[in-house]
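Quick notes on the structure that follows.
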Amino acid sequence: MFGEDFKRKYALTDQGIRNTKQATIWTVIVNLVVMGGMGILYIMMGEFMKTLTGGAVLPRIPLFLLMTVVFVILSLLTHIQQYRATYGLVYGEVKDVRISLAERMRKLPLGYFGKRDLADLTETIMGDVNRLEHVWSHCLGYLYGSYISTAIIAVSLLIMDWRMAIACLWGVPVAFILLFGSRKLSKRKSEITKEAGIRVADGIQETIDNIREIRATNQEENFLDELNKKIDYHEKTMLAGELSCGIFVNAASVIMRLGVATTILTGTSLILSGQIDFMILFMFLLVITRIYAPFDQALALIAEMFMSQVSANRLMEIKDAETAEGTETFRPEGHTIEFENVGFAYDNEEVLQGVSFTAKEGEVTALVGPSGSGKSTCARLCARLWDIQKGSIKVGGVDIDSVDPEVLLKDYSMVFQDVVLFDDTVMENIRLGKRDATDEEVMKAARAANCEEFVHKLPQGYDTPIGENGAKLSGGERQRISIARALLKNAPIVLLDEATASLDVENETKVQEALSRLLVGKTVLVIAHRMRTVEAADKIVVLADGHVAEEGKPGDLFKNENGIFHRMAMLQNASAAWSIGVEF
């Protein structure tokens with residue numbers, strides 16, 4: 001019952017399976033104990049009937065009181081255990097599930113996140129887990145416990161009188177057959193509702209992220225109208241899904257309740273024919289009052305379980321995604337980076353093909369080329385943020401595919417064009433580069449990255465909160481904090497992807513001077529469009545259409561008048577000269 005298929009179907013962990021088994025067992029015990037209470041009523045009624053027919057005083061009252069007290073105590077204890085097994089254990093596990101999802105995503109390659117947007121992942125971690133939490137705690141143990149306890153009671157009833165048992169229980173399997181027949185429809189409706197909900201979340205996030213551009217272009221009304229359409233569609237899909245589900249659930253409940261009528265009719269008929277006495281009918285009527293109770297909730301639970309499988313599938317997509325694995329040790333002989341016939345495709349679109357070059361330790365190697373030529377891709381591949389499909393990338397002679405990404409990244413400092421800062425102080429944002437760094441070390445790195453001049457203007461200096469993603473700072477100031485973070489880490493390999501793109505000429509010069517002093521002896525890979533950014537590089541690798549078109553020293557490449565580097569340099573020089581009114 002609780003095998004591997006069941007585990008995947010509801011995205012359960014091994015602990016979750018154990019919890020479900022406990023919840024099922026205690027639900028069976030609770031249902032049987034409650035049915036035992038019906039037995040006490042049956043015995044009391046039997047004694048009462050004897051008194052009415054024989055004229056005697058009600059006997060064994062102390063015994064009935066004792067039985068009632070024992071029943072109440074057993075009922076209380078078993079319900080407490082059932083609550084603990086169905087709710088207490090599950091609520092503790094939900095935390096572990098979310099943590100395990102976060103741990104799983106931490107090990108996924110960056111390419112995975114390019115296929116899933118933020119709203120989608122957030123909905124999986126929060127919404128889908130919440131939905132499954134309710135199924136784990138309220139549905140699985142309760143439903144399967146009801147199955148087992150009803151089967152036990154059904155066997156007992158069949159032994160007592162098979163005709164009355166069939167009259168009492170026939171509606172239960174018919175009701176569940178009806179519900180299971182609607183499973184595909186319920187699942188499809190749930191998928192449509194989920195997709196519509198994600199589109200709403202995407203629309204809200206997009207509107208918030210681009211609020212400045214929306215206002216600047218007077219598009220508020222258009223965006224709100226589009227968002228309202230998404231919300232209305234989501235509401236319609238929810239209503240349609242709940243309506244279709246509700247029709248089947250209510251129809252199943254009505255069918256099951258018809259068992260009351262058939263029990264009375266069958267019992268009356270058998271009494272009139274002298275085949276059973278009133279007490280048999282009374283017992284079955286007592287059983288009906290209890291045996292349908294678990295299934296009243298179970299009918300709704302089954303519908304919820306059908307819909308929850310969409311959420312479970314989304315969780316399993318993350319759990320099944322291939323992670324970037326490797327050894328926990330990384331002992332390279334130096335930190336020279338070697339690309340050997342590297343090929344990489346993103347969504348079946350080839351980005352790099354047969355790329356080979358070497359970035360030597362102690363040198364600055366610059367990657368240049370037209371937009372879309374694969375420069376940033378190379379930087380991400382050499383840090384194993386993505387995994388290559390062909391060839392190899394080695395650092396100090398060690399193939400990086402064999403090393404765990406977290407271990408590998410300890411030897412990397414990175415500054416990308418898209419800076420990511422946290423809603424914390426300047427000091428703590430820089431300290432991310434080295435968590436145990438002293439304040440003096442942080443400020444030294446800040447000075448080297450030319451941060452100090454704007455930090456002193458902030459209300460609380462280095463202790464000033466900078467807002468979400470550095471919202472209180474300019475683009476250049478955010479970039480310099482990112483550079484200071486990388487300098488503080490002081491890793492042997494430094495990746496700079498358009499690191500000075502947001503700086504003015506004066507600040508760019510200062511940062512370049514700081515980099516030239518502080519990056520001595522390191523392996524530096526620089527990606528830039530500005531020629532002045534790479535003019536001091538030891539080596540330049542020119543990429544075009546996903547392959548290496550040229551490589552060599554800046555001066556040698558510039559001498560090749562038919563080369564790509566020469567053409568790019570001349571175009572930028574002409575553009576710069578034109579901007580200040582100089583004629584060639």
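The values are calculated or read from the model by the stated rules, or taken from the named source; none is laboratory data. This structure is a prediction, so every number in the text was calculated from the model and none was measured. Cβ placement follows ideal geometry from the backbone for every residue including glycine, while neighbour counts extend to all protein chains displayed.
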- Among the candidates Pro465, Pro492, single out the residue that is in contact with an Asp or Glu (Cβ under 8 Å, 6 or more places away or on another chain) and farther than 28 Å from Leu525 by Cβ. Pro465
- Note on the structure: Of the residues in region 371-418, those that are part of a loop (DSSP other than H, G, I, E, B), of a type in the set (A, V, I, L, M, F, W, C) and under 16 Å from Glu361 (Cα atoms) come to Ala383
- Taking region 393-409 on its own, how many of its residues are within 16 Å of Ser356 (Cβ to Cβ) and surrounded by 15 or more Cβ atoms within 10 Å (Cβ to Cβ)? 4
- Could you grab me the full set of residues in region 543-570 that are buried (at least 17 other Cβ atoms within 10 Å of the Cβ) and assigned to a helix (DSSP H, G or I)? Pro554, Leu557, Phe558, Ile564, Phe565, Met568, Ala569
- Message: Condition check: touching a residue at least 40 places away in the same chain (Cβ under 8 Å), among the hydroxyl-bearing types (Ser, Thr, Tyr) and out of contact with any helix residue (DSSP H, G or I) (no Cβ under 6 Å at 6 or more places or on another chain). Does Ser413 satisfy that?
- Response: no
- In region 542-561, what count of residues is obtained for those that are more than 18 Å from Val526 (Cβ to Cβ) and either of a type outside the set (Gly, Ala, Ser) or touching a His at 6+ places or on another chain (Cβ under 7 Å) (or both)? 5
- For the subset of region 436-459 comprising residues that are without any contact (Cβ under 8 Å) to a residue 12 or more places away in the chain and in a loop (DSSP other than H, G, I, E, B), which member is surrounded by the fewest Cβ atoms within 10 Å (Cβ to Cβ)? Asp436
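Within region 310-363, restricting attention to residues that are assigned to a loop (DSSP other than H, G, I, E, B) and of a type in the set (A, V, I, L, M, F, W, C), which residue is nearest to the chain's Cα centre (by Cα)?
Residues of region 310-363 assigned to a loop (DSSP other than H, G, I, E, B): 321-326, 328-336, 347-348, 360-363.
Subsequent filtering for residues that are of a type in the set (A, V, I, L, M, F, W, C) retains 321, 324, 330.
Values: Ala321: 12, Ala324: 17, Phe330: 30 Å.
That would be Ala321.
Quick one: how many residues across region 158-205 are acidic (Asp, Glu) and either touching a Leu at 6+ places or on another chain (Cβ under 9 Å) or within 24 Å of Phe282 (Cα to Cα) (or both)? Can you show your working first?
Within region 158-205, the first condition is being acidic (Asp, Glu), and the residues that meet it are 161, 191, 195, 202.
From what's left, either touching a Leu at 6+ places or on another chain (Cβ under 9 Å) or within 24 Å of Phe282 (Cα to Cα) (or both): 161, 202.
Result for region 158-205: 2.
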- Message: Where the second residue is assigned to a strand (DSSP E or B) and among the polar types (S, T, N, Q) and the first is under 20 Å from Phe339 (Cβ atoms) and lies in region 532-560, which pairs have Cβ atoms under 7 Å and are six or more apart or on separate chains?
- Response: Ala537/Thr365; Asp538/Thr365; Lys539/Thr365; Val541/Thr365; Gly546/Gln353; His547/Gln353; Val548/Ser356
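Listed residues Arg188, Arg212, Arg257; which is out of contact with any helix residue (DSSP H, G or I) (no Cβ under 6 Å at 6 or more places or on another chain) and within 19 Å of Gly171 (Cα to Cα)?
Numbers: Arg188 fails: within 19 Å of Gly171 (Cα to Cα); Arg212 fails: within 19 Å of Gly171 (Cα to Cα).
Within the list Arg188, Arg212, Arg257, the selection yields Arg257.
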- Note on the structure: Exception for Asn429 within (1) touching a residue at least 40 places away in the same chain (Cβ under 8 Å); (2) part of a strand (DSSP E or B); (3) of a type outside the set (A, V, I, L, M) falls at (2)
- Query: Does region 242-252 include one or more residues that are in a helix (DSSP H, G or I), more than 29 Å from Thr124 (Cα to Cα) and in contact (Cβ under 8 Å) with a residue 40 or more places away in the chain?
  - Reply: yes
- Message: Looking only at residues that are surrounded by 13 or more Cβ atoms within 10 Å (Cβ to Cβ), without any contact (Cβ under 8 Å) to a residue 40 or more places away in the chain and among the hydroxyl-bearing types (Ser, Thr, Tyr) in region 203-241, which one is farthest from Ser186 (Cα to Cα)?
- Response: Thr207
- Determine if region 420-429 includes at least one residue that is at pLDDT below 80 and over 27 Å from Val534 (Cα atoms). no
- Query: Among the residues of region 489-499, is any at pLDDT 90 or above and of a type in the set (Lys, Arg)?
  - Reply: no
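For residues that are basic (Lys, Arg) and modelled with pLDDT under 70, scanning just region 513-533, find the one that is surrounded by the fewest Cβ atoms within 10 Å (Cβ to Cβ).
Narrowing region 513-533 to residues basic (Lys, Arg): 517, 522, 530, 532.
Narrowing further to those that are modelled with pLDDT under 70: 517, 530, 532.
On the way: Arg517: 9, Arg530: 15, Arg532: 16.
Applying the filter and picking the extreme gives Arg517.
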- When the residues of region 275-309 are filtered to those that are assigned to a helix (DSSP H, G or I) and among the β-branched types (Val, Ile, Thr), which remaining residue is modelled with the highest pLDDT? Ile280
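For residues that are closer than 24 Å to Leu519 by Cβ and modelled with pLDDT of 90 or more, scanning just region 356-365, find the one that is surrounded by the most Cβ atoms within 10 Å (Cβ to Cβ). If you could, list the steps in order and put the result at the bottom.
First, pick out the residues of region 356-365 that are closer than 24 Å to Leu519 by Cβ: 357-365.
Restricting the remaining residues to those that are modelled with pLDDT of 90 or more gives 357-361, 365.
Working: Phe357: 18, Thr358: 16, Ala359: 26, Lys360: 16, Glu361: 19, Thr365: 22.
Result: Ala359.
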